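Before any comments, here is the structure.
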Amino acid sequence: MGKYDDIINLPHHVSKNRPHLSMEQRAAQFASFRALTGYFEMTNEVERYVEERFYLTDEEIDNLNEKFREISEHLDEMPKVEITYFVPDKYKEGGKYITETEKIRVIDIVNGFVETETGKRYWINKIKDVSF
């Protein structure tokens, strides 16, 4: 007599409380184990390039202020300008410089921002250059 002879021919149990799983759902329970969870994401993050933020010299700041002055003389026309600004990276030191073309509506030197016709704000301390 075998060890499990008393239960070997019993009917298969079907739960009254839980729905029957499909073959795919049952197989997913036994999917391969990844011992290095997050490893590939981490290595990709390390390899991702970010730029160093450059701070403007006094001469570059004066030059930028002069451009803002020129633009402010034409604000009633909402001049279209190219703005190059720094966007800090969320995960590591550095970031990237982005250049966008926008129509300027407001230059607020006191509060330190430039606002476009769409309401987007660029913080002056992150602007590297403006082309008018």
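Per-structure values
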| quantity | calculated |
| --- | --- |
| Within the range 107-121, considering residues that are touching a residue at least 24 places away in the same chain (Cβ under 8 Å) and touching a strand residue (DSSP E or B) at 6+ places or on another chain (Cβ under 9 Å), the one surrounded by the fewest Cβ atoms within 10 Å (Cβ to Cβ) | 117 |
| Candidate set from the range 43-68 (those that are among the aromatic types (Phe, Trp, Tyr) and without any contact (Cβ under 8 Å) to a residue 24 or more places away in the chain); member that is surrounded by the fewest Cβ atoms within 10 Å (Cβ to Cβ) | 49 |
| Filtered residues of the range 85-132 (kept if outside any loop (DSSP other than H, G, I, E, B), of a type in the set (D, E, K, R) and closer than 29 Å to residue 49 by Cβ) | 96, 100, 102, 121, 126, 128, 129 |
| Candidates 124, 71, 104, filtered to the one that is among the aliphatic types (A, V, I, L, M), more than 30 Å from residue 46 (Cβ to Cβ) and open to solvent by 30 Å² or more (accessible area, probe 1.4 Å) | 124 |
| Selection within the range 88-101 - among the basic types (Lys, Arg) and open to solvent by less than 80 Å² (accessible area, probe 1.4 Å) | 92 |
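Yes/no per residue for (1) among the small types (Gly, Ala, Ser); (2) over 19 Å from residue 126 (Cα atoms):
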site	(1), (2)
21	no, yes
26	no, yes
31	yes, yes
52	no, no
67	no, no
74	no, yes
77	no, yes
82	no, no
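The values are calculated or read from the model by the stated rules, or taken from the named source; none is laboratory data. As the structure is a computational prediction, the values presented were derived from the model and not from experiment. Ideal geometry is used to build each Cβ from the backbone, glycine not excepted, and the neighbour counts take in all protein chains shown. Just the protein is used for accessible areas: all its heavy atoms, side chains included, with ligands, DNA and RNA removed. Shrake-Rupley method; radii C 1.70, N 1.55, O 1.52, S 1.80 Å.
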